[in-house]
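**Student:** Next up is a structure, given as structure tokens.
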Amino acid sequence: MPLSPPRACAALLATLLSGTVAAAESAAAKPKAPPSVAPLAAGEKVGWSHAPYEAGDCSLCHQRSDPKNPGPIVKGVNELCTSCHEEFAEVKERKFRHPPAEAACTNCHNPHNSRERKLLVAEQTALCFGCHADVKAASETARVKHAALSTGSRCVNCHNPHGASVEHLLVQLPFDLCLSCHSKDGVPDGRGATLTNFKSWLEQNKVWHAPVEAKDCTACHKPHGSDSFRLLVAEYPAKFYAPYDPANYALCFSCHNDRVVAEPVTTTLTNFRDGSKNLHYLHVNRERGRTCRACHEVHAAKQEHQIREGVPYGARGWVLKLNYTKTATGGSCAKTCHGTKTYSYKPVPEKKS
Ligand code: HEC
Ligand code: HEC
Ligand code: HEC
Ligand code: HEC
Ligand code: HEC
Ligand code: HEC
Ligand code: HEC
Ligand code: HEC
Ligand code: HEC
């Protein structure tokens with residue numbers, strides 16, 4: 001099944017375009033009102049207090065020590081902050097910087113005290129959503145949510161709010177970032193299944209699918225939430241069997257040619273054929289069609305063509321072995337879904353045994 005460049009290009013173009021639009025939209029977004037950075041009013045519950053404010057000497061930052069009338073601050077906001085927080089000199093050198101942090105630290109921090117940890121002017125996610133309405137809309141309306149946004153440090157699990165050396169203010173390269181959480185055994189997905197430990201899976205399965213080889217997890221997954229199964233960027237059937245409809249395989253067909261499953265007879269579209277009888281068509285294109293996962297591992301496999309070793313059956317995950325063997329002109333599957341069957345794509349055989 002060759003790659004189809006026009007589709008791949010269309011997908012890339014669409015990504016580029018939507019990226020531009022999203023950036024333009026969020027660039028335009030401004031918080032509704034500039035946050036107040038006065039100390040919390042007397043009587044408000046203080047969660048956290050800034051050490052120099054706690055010390056009581058307003059003149060550490062303001063012109064006067066009189067708490068009733070401290071006057072303006074002695075220098076520009078960021079200059080003031082970085083005079084003590086020297087580590088921020090390095091942040092300014094990073095390749096990607098967050099515009100609100102370059103503009104004023106007080107866009108997000110109250111220099112006196114706050115109800116929120118790290119002196120944030122609002123609950124962290126609400127603070128981010130205040131300017132990133134597109135991400136808010138996309139994640140809140142998504143049918144499939146990603147717990148990475150709601151657990152631990154939330155947005156800051158993945159983004160550095162000040163500046164980063166990775167694009168999109170990511171704290172690590174996307175692949176390393178995903179693996180930093182997805183390298184544990186037994187993590188539940190919240191719907192009864194267990195998620196893969198990708199570190200060990202990728203170590204044990206050396207034949208990586210090209211986009212995984214390119215370390216591009218987000219070629220197929222949306223980190224903030226998605227309407228598709230498994231946070232996928234496009235449709236892919238959730239179950240082992242599915243009635244055939246190319247729209248259900250939009251994910252695979254955004255990079256692969258869908259004709260491979262559409263044409264019953266071919267001598268060119270695929271090597272998964274017996275003579276000219278298209279076995280991709282035979283298995284997939286039917287009312288109770290086998291989905292690609294019946295035979296392929298989407299991330300990484302032990303054998304070429306991403307052929308999987310076995311198929312998990314039932315709730316306890318018992319594995320039915322595929323016993324796939326590659327031959328010089330095709331391959332065979334032994335005692336699996338059916339008795340041993342062999343296919344050969346060349347030469348076109350006259351009769352099948
Ligand atoms: C760590 C530095 C720091 C300390 C210490 C500090 N402030 Fe501030 N304060 C600031 C900054 C920065 C601003 C925002 C100024 C700006 O944006 O121009 C501010 C603003 C304020 C404002 C709001 C002014 C306005 O425009 O609404 C008040 C009121 C205030 N400070 C009172 C105090 C008092 C009272 C003390 C001492 C008890 C104090 N501050 C100690 C840094 C500090
Ligand atoms: C006079 C020195 C001084 C100045 C000026 C100063 N800070 Fe701090 N800041 C501290 C100290 C001391 C701490 C507490 C020690 C620590 O956690 O590193 C602290 C802690 C913090 C924390 C972490 C609070 C926590 O709960 O962990 C934040 C956020 C912060 N400062 C932001 C700012 C911002 C924003 C400014 C400028 C408006 C600023 N600081 C100016 C001395 C200063
Ligand atoms: C867009 C919002 C935003 C802006 C603007 C911003 N910060 Fe922060 N900052 C955060 C968040 C969110 C955290 C909490 C990170 C976490 O939970 O680990 C944080 C954490 C911190 C901390 C605590 C670091 C630690 O390791 O605990 C300091 C100090 C700090 N910021 C200083 C600054 C300074 C100085 C500036 C201006 C140069 C600034 N921030 C601008 C959002 C912001
Ligand atoms: C699991 C990691 C992860 C978490 C958690 C996360 N992001 Fe992202 N974010 C990414 C990645 C990866 C990208 C790069 C875009 C892509 O490849 O889809 C991105 C891109 C972005 C962008 C720029 C492009 C766009 O989609 O608009 C913004 C803005 C953004 N994130 C904001 C947020 C906010 C706000 C939160 C918290 C609600 C958040 N992110 C939580 C991983 C994450
Ligand atoms: C005061 C407004 C404001 C706040 C608050 C804010 N941002 Fe941003 N953010 C911006 C602007 C402006 C840009 C630059 C335009 C753009 O790329 O969308 C930006 C850019 C980004 C980008 C890079 C987008 C890209 O495509 O490279 C990420 C990621 C991001 N912000 C995440 C966050 C997170 C996480 C928070 C909360 C901790 C947050 N922002 C809070 C205004 C804000
Ligand atoms: C901060 C930890 C963390 C990071 C970073 C993270 N994830 Fe997750 N992810 C989780 C947790 C926890 C779950 C299980 C709960 C859930 O389904 O949301 C999960 C679930 C998923 C799921 C299954 C969602 C479902 O419900 O079917 C996919 C797919 C996924 N993550 C992909 C990614 C990708 C791709 C990245 C990198 C861009 C990534 N994750 C980064 C914590 C993380
Ligand atoms: C070519 C597209 C593609 C790429 C690239 C990809 N995935 Fe997936 N991913 C899928 C599909 C399809 C599923 C659903 C598999 C199934 O149910 O048969 C999935 C499922 C998942 C799941 C949930 C199920 C599980 O076994 O844990 C996680 C988590 C996940 N992927 C993480 C990642 C990470 C991390 C990367 C990067 C190393 C990545 N994916 C790269 C297509 C992709
Ligand atoms: C982001 C693009 C992309 C997506 C999405 C994608 N693939 Fe691939 N896939 C490739 C590339 C590139 C190759 C390597 C070139 C080739 O063999 O066609 C490849 C190779 C394969 C191979 C191995 C071919 C061989 O002969 O070794 C299989 C099997 C495969 N993909 C199945 C799938 C399935 C199933 C899906 C949907 C779940 C899918 N792919 C989604 C890009 C993609
Ligand atoms: C019944 C098992 C089975 C199913 C279901 C299946 N494949 Fe395959 N596929 C194979 C086998 C076996 C090969 C290896 C053919 C060879 O080279 O001998 C293959 C090869 C491929 C290749 C490499 C190029 C080629 O066609 O020879 C791609 C790409 C591919 N499959 C994609 C898919 C996609 C996408 C789906 C779901 C729409 C799918 N497959 C469903 C068994 C299957």
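Please treat every number below as a calculation from the coordinates, not as lab data. Just so we're clear, the structure is a prediction, and the values are computed from it rather than from any experiment. Cβ coordinates were reconstructed from backbone atoms using ideal geometry, including for glycine residues, and neighbour counts include every protein chain displayed.
**Student:** Order of 198, 253, 229 from fewest to most other C-beta atoms within 10 Å?
**Tutor:** With the fewest neighbours first, 198, 253, 229 line up as 229, 198, 253.
**Student:** Take the alpha-carbon positions of the chain, form their convex hull, and give its projected area averaged over all directions (one quarter of the hull surface) in nm².
**Tutor:** Numbers: hull surface 90.2 nm².
About 22.6 nm², averaged over all directions.
**Student:** Given an 8 Å cut-off on Cα distances and at least 6 residues of separation, report the relative contact order of segment 255-353 as a percent.
**Tutor:** Relative contact order of segment 255-353: 21 percent.
**Student:** Further, regarding this structure: Find out how many positive minus negative residues lie around residue 268, taking Lys and Arg as positive, Asp and Glu as negative, among other residues whose Cβ is under 14 Å from that of residue 268.
**Tutor:** Values: positive: 259, 273, 277, 346; negative: 263.
With Lys, Arg at +1 and Asp, Glu at -1, the neighbours total +3.
**Student:** Moving on. If one computes P(r) from the Cα atoms of segment 113-251, what percent of pairs lie at distances over 21 Å?
**Tutor:** 52
**Student:** Check segment 255-353 and count each lysine pair with an alpha-carbon distance under 26 angstrom, considering only pairs eight or more places apart or from different chains.
**Tutor:** Lysine pairs satisfying the spacing and distance rule in segment 255-353 number 25.
**Student:** So which aspartates and glutamates pass the test for residue 136, namely a Cα distance under 15 Å, with those fewer than 8 places away in the same chain ruled out?
**Tutor:** Output for residue 136: 25, 123, 227.
**Student:** Tell me the relative contact order for the chain as a rounded percent, counting alpha carbon contacts under 8 Å between residues six or more apart.
**Tutor:** Details: 517 pairs, mean separation 45.8, N = 353.
For the chain, the relative contact order is 13 percent.
**Student:** Which three lengths, in whole Å and largest first, does segment 234-353 cover when its Cα atoms are put on their principal axes?
**Tutor:** Principal axes ranked by extent give 42, 30, 26 Å for the Cα atoms.
**Student:** Across bins of 5 angstrom width beginning at 0, how are the C-alpha pair distances of segment 41-169 distributed, in whole percent?
**Tutor:** Calculated P(r), rounded to whole percents: 2, 9, 15, 20, 19, 14, 10, 6, 3, 1, 0.
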